[in-house]
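The values are calculated or read from the model by the stated rules, or taken from the named source; none is laboratory data. Given the structure is predicted, the values throughout are model-derived calculations rather than measurements. All Cβ positions, even for glycine, are placed from backbone atoms using ideal geometry, and neighbour counts span all protein chains on display.
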Amino acid sequence: MRLKRATQAGEPRCSAVEAMDDTGPLLTSRPEGRNGHCGWRAHTKDSKAVEDLRRRLKYFFMNPCEKYRARGRKPWKLMLQILKIAIITAQLVSFGLSNEMMVTFKAENQMTFRHLFLKGYKDHTMGSYALYTKTDVYDHINYIIHRYINLQNLSVSNLAYEEVEGEYTPLSICQVYYRSSSIDPGNDTFDIDPHIDKKCVSVYPQQRLHGDSLPTHTNFSLDFKRLLSVNIYLTLKTINLQTVRHHELPDCYDFNVTIVFDNRAHSGRIKVDVENHVRIYECRDWNNDYLLLLFDSVVILACLTSLVLCTRSVINGIQLQFEFNTFFHAYYNKIVSCSDRLEFVNGWYILIIVSDTLTVAGSVLKIGIQTKFLTNYDVCSILLGTATMLVWVGVIRYLGFFKKYNILILTLRAALPNVIRFCGCAVMIYLGYCFCGWIVLGPYHDKFRTLDKVTECLFSLINGDDMYATFLNLRGKTYMVWLFSRLYLYSFISLFIYMVLSLFIALITDTYETIKPVSELQAFIAECRDQPDSGRYQTEDELPTCCLSSCGCFR
């Protein structure tokens with residue numbers, strides 16, 4: 001934010017006192033001076049105090065380069081911000097590579113568990129993997145048990161069983177069911193006790209099964225009329241060795257795998273899914289990488305220094321704002337408007353303060369992750385990613401020192417109020433379509449099944465993505481739903497793509513056309529006020545023809 005108003009590039013600007021309202025009797029305006037600056041003549045005895053404050057205000061709103069030319073003050077904050085861009089980006093890249101390896105390792109192990117423990121599993125069948133007969137359920141449970149017992153002879157991975165005090169952790173099979181029930185669909189009668197019970201049995205890795213029947217071996221039977229779900233729990237250990245290629249020490253992983261047979265719908269279709277929870281910890285004889293810890297400490301120190309300097313600048317601006325307000329009230333008997341007072345709070349400094357705070361918090365979490373005290377990669381990624389984004393956005397401020405690049409900042413600043421008001425109106429229409437699509441089309445279309453899916457689907461339609469597939473999936477429904485879906489989708493696409501989106505672009509374009517700098521050629525041409533039909537654009541050769549035409553020669 002600047003005290004100076006957004007003007008066309010190259011237009012003279014006034015300082016804080018010079019740009020105030022001229023309606024009061026204590027200020028008189030005068031034409032531009034020799035250097036093209038705005039002028040106000042203050043009717044006050046103490047003109048030196050006015051000039052001193054004006055000079056202080058003008059210096060306060062100078063950019064770092066102008067301050068260096070004015071007082072020779074080195075732009076320490078500018079140099080520090082440039083340093084921060086380099087080290088924060090390097091830190092983010094380092095953490096991003098580590099995080100990518102961790103996420104990839106988890107995802108690939110998740111796929112491994114599905115192939116190992118789900119009978120006949122194919123990569124594309126996870127959403128539709130389900131069982132329909134009692135025999136299939138028992139066969140799949142037995143299959144999981146046998147695969148678990150023979151895991152180390154089957155898997156190409158370095159998976160191992162978990163040991164607690166020298167004893168392997170068993171595989172647990174738990175069934176969740178209603179306490180009692182009596183259901184007779186033939187007579188349309190039922191009697192269900194809604195209390196839920198849970199029963200579990202354990203199978204150890206050293207155990208050898210005789211025969212293939214789980215109920216015979218463990219006295220474990222399922223009452224499918226009461227059954228809600230069967231959950232199989234197992235814990236496996238492994239080491240992520242791919243980090244060695246990036247000169248990082250490997251991490252040890254505990255995978256707590258849960259295989260769920262979901263029968264809560266009691267529709268005759270038992271859905272099967274594999275869930276996976278990971279615990280990452282340091283392996284034995286593990287040493288910290290002190291160079292990375294030192295680098296993270298340097299980042300924290302740089303951000304804390306920047307945070308202190310920017311906070312001090314914001315405080316100085318607020319103090320100068322109070323001083324200016326007091327001065328203006330005392331000398332001119334005027335109250336400074338709220339918008340003018342906000343000009344003293346530099347928005348770029350606020351952006352840097354937020355970025356520094358996020359970077360410090362993210363770096364502390366990163367150190368905790370590297371030392372294995374913490375394992376929350378997601379929170380650290382959000383903090384460091386947002387901080388880096390704000391740091392790079394802050395580069396626009398320094399590009400604004402050049403007139404050619406300053407046009408972007410002026411356009412965004414001038415268009416923002418209208419854009420916010422326009423988006424507020426558009427969001428109301430958008431939410432109306434979201435709720436309508438969710439309640440009507442949700443039962444018939446996966447993309448409208450939940451409210452968050454509706455918002456994502458409609459937003460993708462605005463950008464022209466996946467239009468035909470959205471229409472196609474609603475074919476074959478009832479005529480009423482099909483007709484409503486066509487009216488709904490056609491009206492939404494027509495309204496938002498051809499009207500709302502076009503108006504949004506027009507707001508930005510109109511603002512740019514208003515504030516873009518006028519070239520010397522265009523300024524020279526603009527001095528001509530003659531209209532196209534004034535007759536003054538005709539040359540001497542064309543004049544007789546025109547005259548003859550006006551005299552009716554061409555009858």
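Filter segment 381-427 for residues that are hydroxyl-bearing (S, T, Y) and more than 20 Å from I508 (Cβ to Cβ) and give the result. Before the answer, list the steps.
Step one: filter segment 381-427 for residues hydroxyl-bearing (S, T, Y), giving 381, 386, 388, 398, 405, 411.
Across segment 381-427, the qualifying residues are S381, T386, T388, Y398.
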| task | Determine whether segment 112-135 contains at least one residue that is under 23 Å from S355 (Cα atoms), among the aliphatic types (A, V, I, L, M) and either surrounded by fewer than 18 Cβ atoms within 10 Å (Cβ to Cβ) or at pLDDT below 90 (or both). | result | no
| task | Determine whether segment 66-73 contains at least one residue that is outside the structural domain of Y253 (by TED's automatic domain parsing), closer than 23 Å to L241 by Cβ and acidic (D, E). | result | no
| field | In segment 461-484, the residues that are closer than 18 Å to F435 by Cβ and not hydrophobic (A, V, I, L, M, F, W, C) | value | T470
| Pairs, first assigned by TED's automatic domain parsing to the domain that holds M111 in segment 254-277, second surrounded by 15 or more Cβ atoms within 10 Å (Cβ to Cβ) and part of a strand (DSSP E or B), C-beta under 7 Å, six or more apart | none
| message | Going by what's in this entry, would I439 be described as at pLDDT below 90 and among the aliphatic types (A, V, I, L, M)? | response | no
| task | Go through (1) more than 17 Å from N63 (Cα to Cα); (2) surrounded by 14 or more Cβ atoms within 10 Å (Cβ to Cβ) one by one and return the number of the condition S337 breaks. | result | (2)
| If Y177 passes every condition in (1) surrounded by fewer than 15 Cβ atoms within 10 Å (Cβ to Cβ); (2) closer than 30 Å to S267 by Cα; (3) modelled with pLDDT of 85 or more but one, which one does it miss? | (1)
| task | Working only within segment 472-491, note down all residues that are under 32 Å from the mean Cα position of the chain (by Cα), surrounded by 17 or more Cβ atoms within 10 Å (Cβ to Cβ) and part of a helix (DSSP H, G or I). | result | S485, Y488, L489
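Those residues that are of a type outside the set (A, V, I, L, M) and out of contact with any strand residue (DSSP E or B) (no Cβ under 7 Å at 6 or more places or on another chain), I need them from segment 153-168; list them, please. Explain how you work it out, then say what you get.
Filtering segment 153-168 for residues of a type outside the set (A, V, I, L, M) gives 153, 155, 157-158, 161-163, 165-168.
Within segment 153-168, N153, S155, E163, E165, G166, E167 meet the criteria.
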| message | Conditions first: (1) over 22 Å from V278 (Cα atoms); (2) surrounded by fewer than 18 Cβ atoms within 10 Å (Cβ to Cβ); (3) touching a Lys or Arg at 6+ places or on another chain (Cβ under 7 Å). H140 passes all but one, so which condition is the exception? | response | (2)
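Hey, does segment 75-90 have a residue that's more than 30 Å from I367 (Cα to Cα) and not assigned by TED's automatic domain parsing to the domain that holds T243? Outline the logic, then answer.
The first filter runs over segment 75-90 and keeps only residues more than 30 Å from I367 (Cα to Cα), leaving 75.
Add one more test, that the residue is not assigned by TED's automatic domain parsing to the domain that holds T243, and what stays is 75.
Looking for residues that are more than 30 Å from I367 (Cα to Cα) and not assigned by TED's automatic domain parsing to the domain that holds T243, one finds at least one in segment 75-90, hence yes.
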| task | Using the structure shown, decide if T375 is in the same structural domain as L307 (by TED's automatic domain parsing) and at pLDDT below 80. | result | yes
| message | Among the listed residues I350, I407, identify the single one that is touching a residue at least 60 places away in the same chain (Cβ under 8 Å), surrounded by fewer than 18 Cβ atoms within 10 Å (Cβ to Cβ) and assigned to a helix (DSSP H, G or I). | response | I407
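How many of the residues in segment 95-134 are assigned to a loop (DSSP other than H, G, I, E, B), in contact with a Leu (Cβ under 9 Å, 6 or more places away or on another chain) and more than 28 Å from A160 (Cβ to Cβ)? Walk me through it before giving the result.
Narrowing segment 95-134 to residues assigned to a loop (DSSP other than H, G, I, E, B): 118-122, 129, 132-133.
Okay, now just the ones that are also in contact with a Leu (Cβ under 9 Å, 6 or more places away or on another chain), so 129.
So of that shortlist, the ones also more than 28 Å from A160 (Cβ to Cβ) come out as none.
The total comes to 0.
Every residue, every condition in (1) part of a strand (DSSP E or B); (2) in contact with a Leu (Cβ under 6 Å, 6 or more places away or on another chain), yes or no:
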position: D136; (1), (2): no, no
position: H140; (1), (2): no, no
position: R147; (1), (2): no, yes
position: N153; (1), (2): no, no
position: I173; (1), (2): yes, no
position: Y177; (1), (2): yes, yes
position: G186; (1), (2): no, no
position: D191; (1), (2): yes, no
| task | Residue by residue through segment 68-104, note down the ones that are loosely packed, with under 12 Cβ neighbours inside 10 Å, under 29 Å from T371 (Cα atoms) and of a type in the set (D, E, K, R). | result | E100
| Of all residues making up segment 430-449, the number that are within 17 Å of D466 (Cβ to Cβ), free of Cβ contacts under 8 Å to residues at least 24 places away in the same chain and surrounded by fewer than 16 Cβ atoms within 10 Å (Cβ to Cβ) | 1
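Pull up segment 450-471, narrow it to residues that are among the hydroxyl-bearing types (S, T, Y) and within 20 Å of F504 (Cα to Cα), then point me to the one that is surrounded by the most Cβ atoms within 10 Å (Cβ to Cβ). Steps first, please.
The initial filter retains those residues of segment 450-471 that are among the hydroxyl-bearing types (S, T, Y), namely 450, 455, 460, 468, 470.
Checking which are within 20 Å of F504 (Cα to Cα) leaves us with 455, 460.
Numbers: T455: 16, S460: 14.
Per the criteria, the residue is T455.
For segment 182-197, give me each residue that is exposed (fewer than 11 other Cβ atoms within 10 Å of the Cβ) and more than 16 Å from R264 (Cβ to Cβ). Spell out how you get there, then give the answer.
Going through segment 182-197, the residues exposed (fewer than 11 other Cβ atoms within 10 Å of the Cβ) turn out to be 184-189, 191, 194-195.
D184, P185, G186, N187, D188, T189, D191, listed by residue number.
Tally up the residues in segment 259-272 that are among the polar types (S, T, N, Q) and surrounded by 16 or more Cβ atoms within 10 Å (Cβ to Cβ), please. Walk me through it before giving the result.
We begin by selecting, within segment 259-272, every residue among the polar types (S, T, N, Q); these are 263, 267.
Checking the rest, the ones that are also surrounded by 16 or more Cβ atoms within 10 Å (Cβ to Cβ) come to 263.
Summing the residues that are among the polar types (S, T, N, Q) and surrounded by 16 or more Cβ atoms within 10 Å (Cβ to Cβ) in segment 259-272 gives 1.
Have a look at F324, F295 and point out the one that is out of contact with any Ser or Thr (no Cβ under 6 Å at 6 or more places or on another chain), within 27 Å of L57 (Cβ to Cβ) and among the hydrophobic types (A, V, I, L, M, F, W, C).
Unique residue meeting the criteria: F324.
With the requirement that a residue be hydrophobic (A, V, I, L, M, F, W, C) and either more than 20 Å from the chain's Cα centre (by Cα) or surrounded by 14 or more Cβ atoms within 10 Å (Cβ to Cβ) (or both), what does segment 412-422 give you?
Taking segment 412-422 as the starting set, the residues that turn out to be hydrophobic (A, V, I, L, M, F, W, C) are 412, 414-416, 419-420, 422.
If the condition is that a residue be hydrophobic (A, V, I, L, M, F, W, C) and either more than 20 Å from the chain's Cα centre (by Cα) or surrounded by 14 or more Cβ atoms within 10 Å (Cβ to Cβ) (or both), then L412, A414, A415, V419, F422 are the ones that fit.
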